[in-house]
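Below is one structure, written out as structure tokens; the observations come after it.
The values are calculated or read from the model by the stated rules, or taken from the named source; none is laboratory data. These numbers were taken from a predicted model, which means no experiment stands behind them. For neighbour counting, all protein chains shown are included, and Cβ atoms are generated from backbone atoms with ideal geometry for every residue, glycine included. In case anyone asks, the SASA skips ligands and DNA or RNA and just uses the protein heavy atoms, side chains included. Shrake-Rupley method; radii C 1.70, N 1.55, O 1.52, S 1.80 Å.
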Amino acid sequence: MRAIQRLISITIISISIAFLACVSASLAFTTTETDFQKQSQLQPKPEIITAEIPYNPNQAKQEASYPNTPRVVFLDHFAWQVFAALNWPADCQQGSPLASKKIGEAPDAPRVWEFYRTPETVFLSAKTPSTPNKPFICLNAENRLVPPKNSTVKLTEQGKLDAKGQNANPQDLPLVDQRGNYIIVETYINPQELNQIVKNKWYDGVNLAQFNNDNNQFGLVCSGNENDNILGVPCSTYEKEGAIEIKASWRVFDEQISEDEKARYYTTKRKVLIPGQSDKCDTGKAFCSDTGEEFSQVIEVGLIGFHIKHKTSEQGWIWSTFEQIDNVPDETLKRNQYTLNNPDCQKNCVENTSYVEPPYLWRKEAPHAVTKIGGEIKNQIPSQIVRSFKPKPPLDAQISEQNQQWHQALKDISKSSVWQYYNLIGTQWLTNPSQLYNEQLREITPKLPLANVTLEPYIQNSNCIGCHTGAKLRTRMQPYADFTFQMARANSNNGTTNAQ
């Protein structure tokens, strides 16, 4: 079967002008500085980095090795292990990790997660999905000429529903970097989640109508086995690896970007399909061509954000988010230029504010982000992004130490490894994962905002769990969807549910 080009979703980053319920009103981290100081030298280190995705944090073993160490230390270490395994170099035939290479080696190879499926290719009008996924750099010359399929531009999930499942009526705005290009966002689901969806035909909304919030809750596959599930995590089934969902954000490299600058990023190529004019363009709900004619374009991109949602049998869903270190200013790292911030900004400098104007048009020539005002094509204005919420002591020191240890370990593998330029921003989980939706009984840990500036630049005072609680199945009962917005894409042959 001829390989079909993967859809590259040029995602519009959502901002909520209304007050979103996913914004946490009272957030305070309770672990004390003394807790960290007592065991400041006793925390897991990246001594062995492998291509195997860990299926559980293995709390019992970690606590035995590092007594009195706060739980967040283990979860941050677990997040780094998952990040390294997902970004292992893969072979172009099967997408399997290269056994002879390590992360940081084979920089031109695709990553394991790039062979995962995009939701657009899974939820196809209530039909069984069959098209395999291959990154653009793995396609042969013939298939590189095929236009990308399933080219409908999607909006990011966090703008659709608030934590109570209500429409928050957000304004959907793209993010423009300091080079004047739109940030590109992709979403992926791993084979375990895909297989569960296909096996149960959940791509057809009719087969989701059985679920409710009382005695038949919807749930995705957990990692490990039932013996690991000591906290009562709702698991519909178990696999060695549980469901994983990924959001990856990219900056576009134009001809003016130096090789030295690109050497700090995981760099690859994508083929994007830019549709012609439509009503969605005029209303700011899609990107379209500046000429009104559809075209496709191969672009070079650098990874700037990586968001992981991983369902484990030991702790339930674990969220973690990573960023390339040159996105925005950092207290410990000063640079002359950043991807999303201009230190010498003189005009249009209000922080975390969007200056884009509809229609959101894409021009073949760089800078690509343009609009049309008075019949004239004009460049879109970049946003001045900063990190609104930063971890406070002692959490900030703990994350910094973990990042430094992993940076050194990655440099030990390869001095030129691009992965030494990525930081863990934070992790989040439910302390009591048996109470998924009961806000009185569950406890979000750490009790802090967690946002990726490349994915939620305008609503950084939010947390992952609060937002994803609003994910519902698009059936008559509208039950909770196990924190995944992807199931809202399920179509139905009888029209009882609609893709979102």
### Hey, residue 142 open to solvent by 70 Å² or more (accessible area, probe 1.4 Å) and either outside any loop (DSSP other than H, G, I, E, B) or modelled with pLDDT of 90 or more (or both) or not
yes
#### Entry: Residue match in segment 233-241 (condition: under 25 Å from the mean Cα position of the chain (by Cα), among the acidic types (Asp, Glu) and under 20 Å from residue 115 (Cα atoms))
yes
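Pick out the one residue from 462, 492, 414, 434 that is touching a Leu at 6+ places or on another chain (Cβ under 7 Å), over 24 Å from residue 59 (Cβ atoms) and in contact (Cβ under 8 Å) with a residue 60 or more places away in the chain. Full working, then the answer.
Working: 492 fails: touching a Leu at 6+ places or on another chain (Cβ under 7 Å); 414 fails: touching a Leu at 6+ places or on another chain (Cβ under 7 Å); 434 fails: over 24 Å from residue 59 (Cβ atoms).
Exactly one residue qualifies, and that residue is 462.
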For segment 71-98, pairs from a residue that is among the aromatic types (Phe, Trp, Tyr) to a residue that is open to solvent by 10 Å² or more (accessible area, probe 1.4 Å) and assigned to a helix (DSSP H, G or I), with Cβ under 7 Å and 6 or more apart or across chains, are 74/59; 74/62; 88/112
Reported set for segment 42-58 where residues are closer than 21 Å to residue 103 by Cα, of a type outside the set (Phe, Trp, Tyr) and open to solvent by 30 Å² or more (accessible area, probe 1.4 Å) is 45, 47, 48, 50, 51, 52
Sole miss for residue 373 among (1) open to solvent by 10 Å² or more (accessible area, probe 1.4 Å); (2) under 27 Å from residue 258 (Cα atoms); (3) out of contact with any Phe, Trp or Tyr (no Cβ under 7 Å at 6 or more places or on another chain) is condition (2)
**Asked** Is one or more of the residues making up segment 75-90 touching a Pro at 6+ places or on another chain (Cβ under 9 Å), surrounded by fewer than 21 Cβ atoms within 10 Å (Cβ to Cβ), part of a loop (DSSP other than H, G, I, E, B) and not β-branched (Val, Ile, Thr)?
**Response** no
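Suppose we keep only residues that are acidic (Asp, Glu) and in contact with a Phe, Trp or Tyr (Cβ under 8 Å, 6 or more places away or on another chain) within segment 305-330. Which one would you say is surrounded by the fewest Cβ atoms within 10 Å (Cβ to Cβ)? Before you say what the answer is, go through the steps one by one.
Kept after step one, since they are acidic (Asp, Glu), are these residues of segment 305-330: 314, 323, 326, 330.
Restricting the remaining residues to those that are in contact with a Phe, Trp or Tyr (Cβ under 8 Å, 6 or more places away or on another chain) gives 323, 326.
Numbers: 323: 26, 326: 21.
Result: 326.
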| message | I'd like to know if segment 421-429 contains one or more residues that are aromatic (Phe, Trp, Tyr) and at pLDDT below 90. | response | no
Per the filter on segment 436-488, residues aromatic (Phe, Trp, Tyr) and over 21 Å from the mean Cα position of the chain (by Cα) are 437
Given the structure, is residue 406 touching a helix residue (DSSP H, G or I) at 6+ places or on another chain (Cβ under 6 Å) and either more than 26 Å from residue 46 (Cβ to Cβ) or among the hydrophobic types (A, V, I, L, M, F, W, C) (or both)?
yes
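Does residue 192 satisfy the condition of being closer than 30 Å to residue 60 by Cα and either modelled with pLDDT under 95 or in a helix (DSSP H, G or I) (or both)?
Details: closer than 30 Å to residue 60 by Cα: yes; either modelled with pLDDT under 95 or in a helix (DSSP H, G or I) (or both): yes.
Taking the combined requirement at face value, the residue satisfies it.
Does residue 273 satisfy the condition of being part of a loop (DSSP other than H, G, I, E, B) and in contact (Cβ under 8 Å) with a residue 24 or more places away in the chain? Before the answer, list the steps.
On the way: part of a loop (DSSP other than H, G, I, E, B): no; in contact (Cβ under 8 Å) with a residue 24 or more places away in the chain: yes.
Considered against the rule, which asks whether it is part of a loop (DSSP other than H, G, I, E, B) and in contact (Cβ under 8 Å) with a residue 24 or more places away in the chain, residue 273 comes out as no.
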Residues in segment 336-376 that are part of a strand (DSSP E or B) and touching a helix residue (DSSP H, G or I) at 6+ places or on another chain (Cβ under 9 Å) total 2
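Considering each residue of segment 406-463, count those that are among the aromatic types (Phe, Trp, Tyr), assigned to a loop (DSSP other than H, G, I, E, B) and more than 26 Å from residue 338 (Cβ to Cβ), and give that number.
1
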In segment 37-65, anything within 29 Å of residue 223 (Cα to Cα) and either in a helix (DSSP H, G or I) or modelled with pLDDT under 85 (or both) is listed as 42, 43, 44, 45, 47, 59, 60, 61, 62, 63, 64, 65
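Provide a single number: the residues in segment 250-286 that are of a type in the set (S, T, N, Q), surrounded by 17 or more Cβ atoms within 10 Å (Cβ to Cβ) and at pLDDT below 95.
Narrowing segment 250-286 to residues of a type in the set (S, T, N, Q): 256, 258, 267-268, 277-278, 283.
In the following step, the residues that additionally are surrounded by 17 or more Cβ atoms within 10 Å (Cβ to Cβ) were identified as 267-268, 277.
Going one step further and asking which of them are at pLDDT below 95, we end up with 277.
Of the residues in that region, 1 qualify.
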Taking first residues from segment 220-239 that are more than 15 Å from residue 190 (Cα to Cα) and second residues anywhere that are open to solvent by 70 Å² or more (accessible area, probe 1.4 Å), the pairs with Cβ under 8 Å that are 6 or more apart or on different chains are 224/55; 224/240; 234/217; 235/226
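Here is a check on your reading of the model: is residue 66 of a type outside the set (A, V, I, L, M, F, W, C) and surrounded by 20 or more Cβ atoms within 10 Å (Cβ to Cβ)? Full working, then the answer.
Working: of a type outside the set (A, V, I, L, M, F, W, C): yes; surrounded by 20 or more Cβ atoms within 10 Å (Cβ to Cβ): no.
So residue 66 fails the test.
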Restricting segment 220-249 to residues that are small (Gly, Ala, Ser) and either out of contact with any strand residue (DSSP E or B) (no Cβ under 7 Å at 6 or more places or on another chain) or more than 19 Å from residue 309 (Cα to Cα) (or both), the one surrounded by the fewest Cβ atoms within 10 Å (Cβ to Cβ) turns out to be 232
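Considering segment 421-471 alone, what residues qualify as being among the polar types (S, T, N, Q) and open to solvent by 20 Å² or more (accessible area, probe 1.4 Å)?
423, 431, 432, 434, 435, 438, 440, 445, 461
So is residue 333 within 24 Å of residue 104 (Cβ to Cβ) and open to solvent by less than 50 Å² (accessible area, probe 1.4 Å) or not? Working first, answer last.
Working: within 24 Å of residue 104 (Cβ to Cβ): yes; open to solvent by less than 50 Å² (accessible area, probe 1.4 Å): no.
Taking the combined requirement at face value, the residue does not satisfy it.
Search segment 210-219 for residues being open to solvent by 60 Å² or more (accessible area, probe 1.4 Å) and in contact (Cβ under 8 Å) with a residue 24 or more places away in the chain, and hand back the single one that is farthest from residue 233 (Cα to Cα).
The initial filter retains those residues of segment 210-219 that are open to solvent by 60 Å² or more (accessible area, probe 1.4 Å), namely 210, 213-215, 217.
Applying the additional criterion that residues be in contact (Cβ under 8 Å) with a residue 24 or more places away in the chain yields 213, 217.
On the way: 213: 15, 217: 12 Å.
So the residue we want is 213.
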